[in-house]
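Let me begin by presenting the structure, written as structure tokens, before commenting on it.
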Amino acid sequence: MSKKSTIKSLNLACQEALKIPLDIEKDKFAILSDQHFGDGNPQSDDFLINRGIYISALKYYFENDFTLIEIGDVEELWECDFEKINSFYSDIYILEKKFFDSGRFYRIFGNHDIFWKNEKYLKKFLPDYTVYESILLGGKIFITHGHQGEFISDRLWKISRWFVRNIWKNIQRILHIPSNDAVKNFKVRDIKEQLFYNWAKERKLLTVFGHTHRAFFESLSKIDRLRLKLKEKSVSDEERRLIENQINQSIRDNRNGTRETILEETPVPCYFNDGCCCYKNGITAIEIESGIIRLVKWQSKSNEKTVFEETELSPLLKKISDIKSV
């Protein structure tokens with residue numbers, strides 16, 4: 001991934017972003033990405049296990065007057081034809097249409113559904129929709145997928161798509177290989193996250209990305225927050241052992257035992273990531289609701305929403321805008 005190419009692409013996406021006004025005290029937005037809707041085949045459709053909880057989440061957001069923003073890789077169009085996806089997940093598309101009909105729906109394309117960038121393809125399958133590359137909310141919150149500038153996912157996506165569709169999908173189905181975790185190549189993911197963070201810090205914007213499948217809140221990952229918890233004097237010895245076990249388990253599972261990197265010792269709280277909707281045990285989302293921004297997870301087993309982190313939006317935006325230029 002070229003640093004210069006990514007920065008150039010993000011700058012252009014920000015310049016051409018759809019501008020949406022924001023009433024911080026009243027507006028409600030639910031931001032989700034990386035659903036990767038497939039064709040229903042349990043051996044390759046990574047979203048299938050979360051179909052029920054996703055429908056529950058959409059119903060909640062619709063009934064509670066949220067505007068739905070889907071920020072890319074909604075469909076797994078590298079593997080599947082849209083006709084098959086639409087047929088299998090018709091109930092979800094009916095729900096999404098309710099948001100659209102009420103004027104509370106925006107879509108952004110990612111690399112796996114980059115087809116929506118093509119006007120002919122869009123008019124053929126989703127004739128009523130406009131699909132954007134990015135959104136600038138209230139002039140201060142930049143929202144996009146995050147594949148911009150990548151050689152494989154952005155520049156050579158047609159070749160990547162051919163490989164996934166004709167080779168990888170068959171291997172996945174034969175060997176039962178799931179791909180519903182955070183990006184497995186943690187070294188590549190670290191580089192992406194650092195680039196996203198540096199760009200957001202430089203532009204003095206609160207940014208919400210998808211793409212990596214790893215949730216971030218105020219420029220901190222789950223492990224970052226666990227490490228901060230360890231520094232608290234009120235943590236008991238038993239709690240400390242549990243937290244250390246969580247950290248070590250995550251490092252073993254996601255980083256092959258390699259120590260987690262951090263963006264900065266005390267990062268500017270400008271980089272957010274909504275995670276994904278194809279985890280093994282639920283979906284994550286970023287919510288903006290009546291002056292609060294939060295990271296939530298809809299748990300598959302309990303069919304309930306858990307709030308991981310939340311903070312007031314106005315002071316957060318001021319803190320980001322007050323960053324001193326280097």
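Of the listed requirements (1) under 22 Å from Leu195 (Cβ atoms); (2) of a type in the set (Gly, Ala, Ser); (3) under 20 Å from the mean Cα position of the chain (by Cα), Ser321 misses just one: (3).
May I ask you to verify whether Trp116 is crowded, with 22+ Cβ neighbours inside 10 Å and part of a helix (DSSP H, G or I)?
Against the criterion (crowded, with 22+ Cβ neighbours inside 10 Å and part of a helix (DSSP H, G or I)), Trp116 qualifies.
May I ask you to verify whether Leu122 is at pLDDT 90 or above and in contact with a Phe, Trp or Tyr (Cβ under 8 Å, 6 or more places away or on another chain)?
Working: at pLDDT 90 or above: yes; in contact with a Phe, Trp or Tyr (Cβ under 8 Å, 6 or more places away or on another chain): yes.
Yes.
Checking the range 140-152 against the condition returns a match, with at least one residue being of a type in the set (D, E, K, R) and either at pLDDT 75 or above or part of a helix (DSSP H, G or I) (or both).
Yes or no, residue by residue, for (1) exposed (fewer than 14 other Cβ atoms within 10 Å of the Cβ); (2) closer than 30 Å to Leu58 by Cβ; (3) among the acidic types (Asp, Glu); (4) in contact with a helix residue (DSSP H, G or I) (Cβ under 7 Å, 6 or more places away or on another chain):
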| position | (1), (2), (3), (4) |
| --- | --- |
| Glu238 | yes, no, yes, no |
| Ile247 | no, no, no, yes |
| Arg252 | yes, no, no, no |
| Cys270 | no, yes, no, yes |
| Asn273 | no, yes, no, no |
| Ile293 | no, yes, no, yes |
| Phe308 | no, yes, no, no |
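Count, please, the residues in the range 292-320 that happen to be over 16 Å from Glu218 (Cβ atoms) and either touching a residue at least 24 places away in the same chain (Cβ under 8 Å) or of a type outside the set (S, T, N, Q) (or both). So that I can check it myself, show each step before the final result.
Initially, the range 292-320 is screened for residues over 16 Å from Glu218 (Cβ atoms), giving 297-306.
Among the residues that remain, those that are also either touching a residue at least 24 places away in the same chain (Cβ under 8 Å) or of a type outside the set (S, T, N, Q) (or both) are: 297-301, 303-305.
Summing the residues that are over 16 Å from Glu218 (Cβ atoms) and either touching a residue at least 24 places away in the same chain (Cβ under 8 Å) or of a type outside the set (S, T, N, Q) (or both) in the range 292-320 gives 8.
Inspect the range 279-289 for any residue being under 16 Å from Tyr197 (Cα atoms) and assigned to a strand (DSSP E or B) and give the result as yes or no. No, the range 279-289 contains no residue that is under 16 Å from Tyr197 (Cα atoms) and assigned to a strand (DSSP E or B).
Kindly provide the set of residues from the range 202-217 that are over 8 Å from the mean Cα position of the chain (by Cα) and among the aliphatic types (A, V, I, L, M), ordered by number.
At the first step, the residues of the range 202-217 found to be over 8 Å from the mean Cα position of the chain (by Cα) are 202-207, 216-217.
Result: Leu205, Leu206.
Quick one: in the range 32-45, which of the residues that are of a type in the set (Asp, Glu) and in contact with a helix residue (DSSP H, G or I) (Cβ under 9 Å, 6 or more places away or on another chain) is nearest to Gly103 (Cα to Cα)? The selected residue is Asp39.
Among the residues of the range 223-230, is there at least one that is in contact (Cβ under 8 Å) with a residue 40 or more places away in the chain and within 27 Å of His112 (Cα to Cα)? For the range 223-230, residues in contact (Cβ under 8 Å) with a residue 40 or more places away in the chain and within 27 Å of His112 (Cα to Cα): absent. The set of residues from the range 118-144 being over 19 Å from the mean Cα position of the chain (by Cα) and within 30 Å of Glu202 (Cα to Cα) comprises Thr130, Gly138, Gly139.
Of everything in the range 188-220 that's farther than 19 Å from Ile292 by Cα and of a type in the set (Gly, Ala, Ser), which residue is surrounded by the most Cβ atoms within 10 Å (Cβ to Cβ)? Within the range 188-220, the match that is surrounded by the most Cβ atoms within 10 Å (Cβ to Cβ) is Gly210.
Any residue at all in the range 14-31 that is surrounded by 14 or more Cβ atoms within 10 Å (Cβ to Cβ), more than 29 Å from Thr311 (Cβ to Cβ) and out of contact with any helix residue (DSSP H, G or I) (no Cβ under 7 Å at 6 or more places or on another chain)? Before the answer, list the steps.
Kept after step one, since they are surrounded by 14 or more Cβ atoms within 10 Å (Cβ to Cβ), are these residues of the range 14-31: 14, 17-18, 20, 22, 24, 27-31.
Applying the additional criterion that residues be more than 29 Å from Thr311 (Cβ to Cβ) yields none.
No, that holds for no residue.
The values are calculated or read from the model by the stated rules, or taken from the named source; none is laboratory data. For clarity, every value in this text was computed on a predicted model and none was experimentally measured. All Cβ positions, even for glycine, are placed from backbone atoms using ideal geometry, and neighbour counts span all protein chains on display.
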